[in-house]
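Only one structure is covered here, and it is reproduced in the block below.
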Amino acid sequence: MSTFNTMISNPSLEEYLLIWENTNDAIFILRKDGAIIQANPAFAKILGWSLDEVKNLSKIPFFEDDFTSEDHEKQLDLLRSGKSISYFETKRKHKNGEIKDILASYRSINKKDVLAVAMYKDITEEKQTQRMLRLTENCYRTLVEYSPDAIIVQSSGKITFVNPQALHIIGAKKDTDIIGTSLLDYMDIGNIESENELIRLLRQEEMVKIEPTIQQLTRMDGSNIWVEIIAIPVKFEGEIVIQAIIRDVTVREYYEDQLTYMATHDPMTDVVNRSTFMEEMDKRIEEAKVTKEMLALLFIDLDKFKEVNDTLGHGIGDSLLIQFSKRMKENVRHEDIIGRIGGDEFLILLKDIDKNKINNIMKRMHANFKEPYVIDGKEIIATSSIGVAFYPDDAISPEKLMGFADEALYKAKEVRNHFQYFNIKPQ
């Protein structure tokens, strides 16, 4: 009977036999010369070697290549001195060549020919998981660190993390300038609807993912930029934190605004074009139906504009149109609309008009329009004719209102340098 069998024949060791046979950890016994003399079933499962293949071998076959015989002898000397080797991580080679991550321990016995009992726990999967987590974390850190977008984490209403791009966008020199503040501190929330989902999320009033939304941010130097924000609430350790990804879209917004402006305005005179004017007039009439206010539509035409083009050239004619447009802007309020519908024809829609005062307004406006223009050092006299129609007194539809203003203009042009109300004699 082997030494091991002699040891376990003691009834006090019977319970250890159950562990020996059923544990998932490899357990094996070393002789004083370092050879393996016994191993449990898990030994073969973990290392691929059966007891018969490794028993009594002077050279252990599952040591990794860089673990030398000198290293092994040092371990044996330590065990021979009565010192155990506590749990440590190492690597061992499976019979198929696979390198296993092992949590190993050696318990010094030094009885008869038994030197020690060794235990190997296979932690390969655990280590692989840890490696993947580290890799994922490193990749994530790299992505966050070098992301062209600002990444901000906010918890309990306060910013707890910012990446370098967030510092750049907000205009901070170091993260401590931002940590502890709130994204709301950089937003003009007074001009944002109270029901805005982003605001509700940042206040933690409503935990919903915010799809890309355009907002204006105020940087630390007081300048304003346009940003696109995606905000996502995430549960972390029982607490809701908000991850925000922010992209500076100021340049994009500028060009989009420019494109929109070009699509809606006359490039020469800088007033709205015909289609935009008609859309705005539709909206104003719908609003007026609710507010019961009166609107005045002015149809304006420069008298003898063709003669200016023919005698002085189209360059002078264009300059005249530009100066005339400026005078129109000077004579209307911000809420009124001016549009060029073609050539030298313009429309003005005046909001919330008092019909008892319109005559004085028209006289003042008409007098201003006929003041001489100075272009390239030349004084040019250019008068205008104006036709006026009222909503709702003359018409309630945009088409009829414009038609009646056109009729009034036609009558005014018969006299020239006059303004004419629809269906009333020239003034």
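The values are calculated or read from the model by the stated rules, or taken from the named source; none is laboratory data. None of the values given here were measured: they were computed from a predicted structure. Here the Cβ is made from the backbone with ideal geometry for all residues, glycine too, and neighbour counts use every protein chain on show.
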Report whether or not residue 60 is closer than 23 Å to residue 113 by Cβ, of a type in the set (A, V, I, L, M), assigned by TED's automatic domain parsing to the domain that holds residue 119 and not in a helix (DSSP H, G or I).
yes
Given the condition surrounded by 19 or more Cβ atoms within 10 Å (Cβ to Cβ), more than 23 Å from residue 410 (Cα to Cα) and of a type outside the set (Ser, Thr, Tyr), answer yes or no: does some residue in segment 299-310 qualify? no
Residues in segment 67-82 that are surrounded by 13 or more Cβ atoms within 10 Å (Cβ to Cβ) and either polar (S, T, N, Q) or within 12 Å of residue 105 (Cβ to Cβ) (or both) total 2
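Can you pull out every residue in segment 125-157 that is among the charged types (D, E, K, R), surrounded by 12 or more Cβ atoms within 10 Å (Cβ to Cβ) and either without any contact (Cβ under 8 Å) to a residue 60 or more places away in the chain or in a helix (DSSP H, G or I) (or both)?
Within segment 125-157, 126, 127 meet the criteria.
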For segment 288-326 the number of residues that are assigned to a helix (DSSP H, G or I), within 14 Å of residue 340 (Cβ to Cβ) and not β-branched (Val, Ile, Thr) is 9
Looking across segment 63-81 at residues that are part of a loop (DSSP other than H, G, I, E, B) and within 14 Å of residue 34 (Cα to Cα), the single one that is modelled with the highest pLDDT is 81
Considering only strands (runs of 3 or more DSSP E) wholly within segment 366-411, the ones with at least 1 residues that are surrounded by fewer than 14 Cβ atoms within 10 Å (Cβ to Cβ) and of a type outside the set (Val, Ile, Thr) are 378-380
With criteria (1) surrounded by 16 or more Cβ atoms within 10 Å (Cβ to Cβ); (2) more than 57 Å from the chain's Cα centre (by Cα), residue 93 comes up short on (2)
Scanning segment 34-66 residue by residue, those free of Cβ contacts under 8 Å to residues at least 40 places away in the same chain and within 17 Å of residue 80 (Cβ to Cβ) turn out to be 35, 36, 58, 60
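Considering only segment 259-272, I want to know if a residue exists there that is surrounded by 14 or more Cβ atoms within 10 Å (Cβ to Cβ) and either in a strand (DSSP E or B) or over 41 Å from the mean Cα position of the chain (by Cα) (or both).
Taking every residue of segment 259-272 in turn, at least one turns out to be surrounded by 14 or more Cβ atoms within 10 Å (Cβ to Cβ) and either in a strand (DSSP E or B) or over 41 Å from the mean Cα position of the chain (by Cα) (or both).
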Over segment 203-247, the set of residues surrounded by fewer than 14 Cβ atoms within 10 Å (Cβ to Cβ), modelled with pLDDT of 90 or more and not in a strand (DSSP E or B) is 221, 222, 223
Scanning for something β-branched (Val, Ile, Thr) and without any contact (Cβ under 8 Å) to a residue 40 or more places away in the chain, does segment 270-284 turn up at least one residue? no
